[in-house]
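One structure is given here, and the rest of the page talks about it.
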2 protein chains.
Amino acid sequence: MTITLSIPDTDAENLPLEEQAYRRLRQALVEGVFAPGEKLSIRRIAEALGTSPMPARTALRRLATEQALDALPSGTVLVPRLTRAAFQEVSAIRAELEPLAIRLAASRVEAGTLDALAAVVAEQDAARAAGRPELCLQKDREFLFGLYRRAGAPMLLGMIEALWLRRGPLFWGARWIVMGSPPEAAHRHGAILAALRRGAGEEAALELKTEIERMTAFLSGALQFQGDAAIPRPTRARG
Amino acid sequence: MTITLSIPDTDAENLPLEEQAYRRLRQALVEGVFAPGEKLSIRRIAEALGTSPMPARTALRRLATEQALDALPSGTVLVPRLTRAAFQEVSAIRAELEPLAIRLAASRVEAGTLDALAAVVAEQDAARAAGRPELCLQKDREFLFGLYRRAGAPMLLGMIEALWLRRGPLFWGARWIVMGSPPEAAHRHGAILAALRRGAGEEAALELKTEIERMTAFLSGALQFQGDAAIPRPTRARG
DNA sequence: GGCCAGGCTTTGTGATCACATTTTTACGGC
DNA sequence: GCCGTAAAAATGTGATCACAAAGCCTGGCC
């Protein structure tokens, strides 16, 4: 039973192997590459990465530390199965931190950046219209994090990333689900940009908070949480 | 130059060495045992802990991952020197997350817990009156985290802990500083408890937010930030 | 006296090994 | 056929070693 680790390459070639492993796993996690509940063993990841077990071990421990992975008492780490409560907790935190990031970014963002972000929104709409959910999700990340980066708050950025990391596995095999989201839940990015152009950071923040809350409500209903611990409907079994 | 690592012992005896190392370092960090800017080398920490470098290495990497420690490009980790901007960033995040924890706790906390917490507040007041700043800080933590734990939100709790971890080194050699805090900045714990007894979670949250903001304003003035990167006034040099 | 070059020390990284524990697998009994 | 037990495979942990890079100190040169 070999797993297909289609972990995207990171550009940095001269970084420590451990750091590369960490980033690749991280990226794979937000993209929902791993199935929730999947066990990630040190030696297996190491083999998939083509290194000795050491870098894999460190990377997995780091991920477990930021709760992007669950750790069994035995030390084995696995992709978390988000419970409904955990999903709502992540959402509640996002609804506080991400608007904060917007407020901080509001006073620093320049018109040029806003133009670039408007282009990303257009690309997302196009992806949605073209029925390409994974591209749609990617553009969504690109837009929001493009904004968050402008907040000039590295710790806040790291914490938001950690939240997305935790939420990532939810989209495993269920990336399609964003396509069904109601128009009033998405499509608020334009409103955020408009508010920022007016210099109304508070309004932009509120706009985002509303978006997060609506998306949370939608996903809470759309995702299948099995019993107390679980997951979206997989489209197919893993090979 | 040997450092005196008065790292407090953790009860758990049968935990992995790495976990023990992690917890001890973490505890030392929130308590402000380490001087900001102090370099923490793997081998030195390992020696102080009485283990091989391996557990120390993992623990330090984990701490660096949650930004409780800074990592130089060379890989060396050191206790962060909080800039004024970083301090205010931590405070801004706290002002969002900790009130959220209070709101969540409000609907779950029982009268018995509130009574126990009232006792802690009394102990803190006594410590303040007795001129024991470190005990005062300890009771402060005990009160707030006792409340946060009742929120039933493990991720949120972990993130708040991470924030305190980052703020810890600020109090190195400056624990006395809490003694000078103005009455209107502290002493709000009683008001928080009162609001919770009334079932007014929102009020309690607002009360805490105000406390954090006032304390931040006070500390921003009271702490000496050297240039762009730095610290409180140390009371004495390290031996 | 200040500055730079040299070598020495210390540091982090990564591999390999040994060991105890957990988890899986297979077999035998009920 | 099902379940419990024992053997076997796999797993995490921690120690030790080798190596390269970074840091540091010293000595010599301008």
- Item | Sum of side-chain charges, B:Ala200 neighbourhood, beta-carbon under 12 Å (Lys, Arg +1; Asp, Glu -1) | 0
- Message: Please compute, over every Cα-Cα pair in region B:84-222, the percentage with a separation greater than 20 angstrom.
- Response: 43 percent
- Could you name the lysines in cross-link range of A:Lys139, using Cα to Cα under 19 Å and dropping any fewer than eight places away on the same chain? A:Lys209
- Note on the structure: Copies of B:Asn14 compared via label points 7 Å along Cα→Cβ give distances in nm, shortest first, of 4.9
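When a/c reaches 1.5 or more, the comparison of a/b and b/c decides; with that in mind, is region A:78-153 rounded, prolate or oblate per its Cα gyration tensor?
Since a/c reaches 1.5 but b/c is at least a/b, the shape of region A:78-153 is classed as oblate.
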- Report the residue of chain A with the smallest Cβ-to-axis distance, using the rotation axis that brings A onto B, in whole Å. A:Glu96, 2
- Message: What number does region B:17-78 give for Rg over Rh if you use C-alpha atoms and the Kirkwood radius?
- Response: 0.92
- Task: Normalising by the residue count of region A:17-78, find the relative contact order in percent from Cα pairs under 8 Å and 6+ residues apart.
- Result: 38 percent
- Query: Tell me, which residues of region A:93-137 get at least 40 Å² less accessible area when the other protein chains come in, versus the chain alone (1.4 Å probe)?
  - Reply: A:Ile93, A:Glu96, A:Leu100
- Message: I need the peptides A:137-143, B:95-101, B:196-202 ranked by packing, meaning the mean over residues of other C-beta atoms within 10 angstrom, with the highest value on top.
- Response: B:95-101, A:137-143, B:196-202
- With every protein chain present, what is the per residue accessible area of region A:84-222 (1.4 Å probe, Å²)? 38 Å²
- Task: With a 10 Å radius around each residue's Cβ, average the other Cβ atoms per peptide and rank A:64-73, B:107-116, highest first.
- Result: A:64-73, B:107-116
- Note on the structure: Taking placed amide H atoms and a strict 5 Å upper bound, the residues 5 or more places from B:Leu40 or on another chain that come that close are B:Val77, B:Leu78, B:Val79
- Message: Using a 7 Å offset from the Cα along the Cα-to-Cβ direction at both B:Ser107 and A:Gln27, what is the distance between the two label points in nm, to one decimal?
- Response: 4.0 nm
- Item | Computed magnitude of the charge dipole of region A:84-222 (debye, nearest 20; Cβ of K, R +1, Cβ of D, E -1) | 200 debye
- Query: In nm, one decimal, shortest first: how far is the label point of A:Arg132 (7 Å from Cα along Cα to beta carbon) from the matching points in the other copies?
  - Reply: 6.6
- Query: What quantity of accessible surface, computed with a 1.4 Å probe and excluding non-protein components, is buried in total between chains B and A, in Å² to the nearest 100?
  - Reply: 2400 Å²
- Message: If I compute solvent accessible area with a 1.4 Å probe over the protein chains, what percent of it on region B:84-222 is carbon and sulfur?
- Response: 55 percent
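The values are calculated or read from the model by the stated rules, or taken from the named source; none is laboratory data. All values reported here derive from a predicted model rather than from experimental measurement. Methodologically, a virtual Cβ is constructed for each residue, glycine included, from the backbone with ideal geometry; neighbour enumeration extends over all protein chains shown. Only protein heavy atoms, including side chains, enter the accessible area calculation; ligands, DNA and RNA are left aside. Shrake-Rupley method; radii C 1.70, N 1.55, O 1.52, S 1.80 Å.
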